[in-house]
Amino acid sequence: MRHPFLEGLSKHRGSPPTILVIFGASGDLTARKLVPALFNLSLDNLLPAEFRLVGYGRKEIPDEAFRKSAREAIEEFSRRPLDEDVWSAIEGNLVYQAGAYDDPEAFKALAERIKSLQRKAGREMQLVFYISTPPGVFEGIVANLGACGLANHRVGGKLAAKVIVEKPFGRDLESARGLNRVIARNFKESQVYRIDHYLGKETVQNLLVARFANAIFEPIWNREFVDCVQITVAEEVGVGSRGGYYDESGALRDMIQNHTMQLLSLIAMEPPVSLDPESIRDEKVKVLKAVQPLDLDEEGDTVRARYEEGLTGGKRVPGYLQEAGIPADSSTETYAALRLHINNWRWQGVPFYLRSGKRMARRVSEIAIIFKRPPGILFSREKQFETAQNTLVIQVQPDEGMTLLANSKIPGLETRTQPVKMHFRYATTFGSNTPEAYERLILDAMVGDSTLFIRGDETEASWRLVTPLLEKWKACGSRGMAGYAAGSWGPLEAERLLWQRGHSWRRPGI
């Protein structure tokens, strides 16, 4: 039976014949996300009839062993069970190519393998290169794709080569600019798809529809009616086995600079002139450029902290410095909060509060648009009048949906008020088997729709904002680092960040 999410799908969403090359094919992301996403696209008949997957990595893996590992990944991680008929149709189209990422000869061998696959198919095919590797080898892969001629494959035509680059896209402004320069020497910007999987989530995609397809929202989406905006990306887990990687990153790089800044740009952007990808991305960049530089003083716009020993899920868990792979003198933050101001007509004077952390009270990502209170003429602060600020909450994960908090009269013979919630949930309205973010993003890249991908100037605008903060925190070491108990909503210093402007953090999920 055809999946309900596919009803009415435009015919133009079909992809041309494609060879997808995944660099880092033996890695965790490929097994958990990429291979299951491709299987589900095939299950929904959204892969082109002529499709080949080439896994590329340092390990020597026979084609049969690669196919076996792909099947196991689907069985373990796919949102839908393995369908034998679908698997048998795509199994033979999975091959593996071993080689180093900095070896020009290995890339020449890859080019020959691709030519062989096209000869067997009897036609030219679109080439899509997915770089799913540690960031240290990004530049070598891009440079070698250019040197061996694969980057220029069919440039200017419908089968032009494309490259998908996973995050993190740089570590600061200088490294992001350097990577952009390397990419620009080998690919045109129209060929480049910088991926942030948050943009593939249904509720994030729905932001444009919620704002611009509903006349009730946009007229009050401005400084006249909005008191503040709060964006929370909270994780319940700690660093786990990723301690070594995470200690080189931290909350600001890992979450704020990319995921939360993307949510900010979609919430704050001006209406685009059309749904054309460049029109939407133009407006996102304008927002990021309008964000004022952060006040880095002690009582300024930023807070950093790391979790300490506490209770999570009824279990006592260690603090960050006690986690495996974390040096005793680490100065890495596991929590970051920012207060941002957007210097434009729509948002002048409205603070945007961003926070993200590990080992917090629960896993949740949400955007809260908190509106100003009505004049206290009729409903004062007397006991029978319990009122709250109208709030629109867009929950990105889990339990995706929207909630509107309003005030209502309690039934009875006297006038008493109480805040009430109006809920919309994707699971109850559309069913719970929502396509994964990577399914949408891989399909968009193959089709050539760059709407949900990040442009080069967008990455630089985001890094330009946070790089001075990264440099200051590095210079300070652990000095000024706050602490918070694992299983809490963060440090007291983050509450003070809002108290200074007469606000307080809302409790996500309520």
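The table below gives the values:
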| read-out | value |
| --- | --- |
| Checking G156 against (1) at pLDDT 95 or above; (2) on the phi > 0 side of the Ramachandran plot, the condition it does not meet | (1) |
| Sole residue being in contact (Cβ under 8 Å) with a residue 24 or more places away in the chain, among the aliphatic types (A, V, I, L, M) and farther than 30 Å from L20 by Cα, chosen from L452, L470, L441 | L470 |
| Residue match in region 149-156 (condition: of a type outside the set (V, I, T), farther than 22 Å from Q97 by Cβ and out of contact with any Ser or Thr (no Cβ under 7 Å at 6 or more places or on another chain)) | yes |
| Residue within region 101-110 that is of a type in the set (S, T, Y) and either closer than 13 Å to V163 by Cβ or free of Cβ contacts under 8 Å to residues at least 60 places away in the same chain (or both) present | no |
| Subset of region 481-504 that is touching a Phe, Trp or Tyr at 6+ places or on another chain (Cβ under 8 Å) and assigned to a loop (DSSP other than H, G, I, E, B) - its residue that is nearest to G238 (Cα to Cα) | A486 |
| Condition check for R154: out of contact with any Pro (no Cβ under 9 Å at 6 or more places or on another chain) and either assigned to a helix (DSSP H, G or I) or surrounded by fewer than 21 Cβ atoms within 10 Å (Cβ to Cβ) (or both) | yes |
| Leading residue by the ranking (surrounded by the most Cβ atoms within 10 Å (Cβ to Cβ)) among those in region 229-261 that are hydroxyl-bearing (S, T, Y) and farther than 18 Å from Q397 by Cβ | Y246 |
| Test: G156 is without any contact (Cβ under 8 Å) to a residue 24 or more places away in the chain and more than 28 Å from R373 (Cβ to Cβ) | yes |
| Selected residue [surrounded by fewer than 22 Cβ atoms within 10 Å (Cβ to Cβ), in contact (Cβ under 8 Å) with a residue 40 or more places away in the chain and small (G, A, S)] from A290, A328 | A290 |
| Residue ID - surrounded by the fewest Cβ atoms within 10 Å (Cβ to Cβ), chosen from residues in region 464-493 that are of a type in the set (A, V, I, L, M) and more than 23 Å from the chain's Cα centre (by Cα) | A475 |
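The values are calculated or read from the model by the stated rules, or taken from the named source; none is laboratory data. Note that this is a predicted model, so its numbers are computed, not measured. Counting neighbours? That spans all protein chains shown, and the Cβs are built from the backbone with ideal geometry, glycine included.
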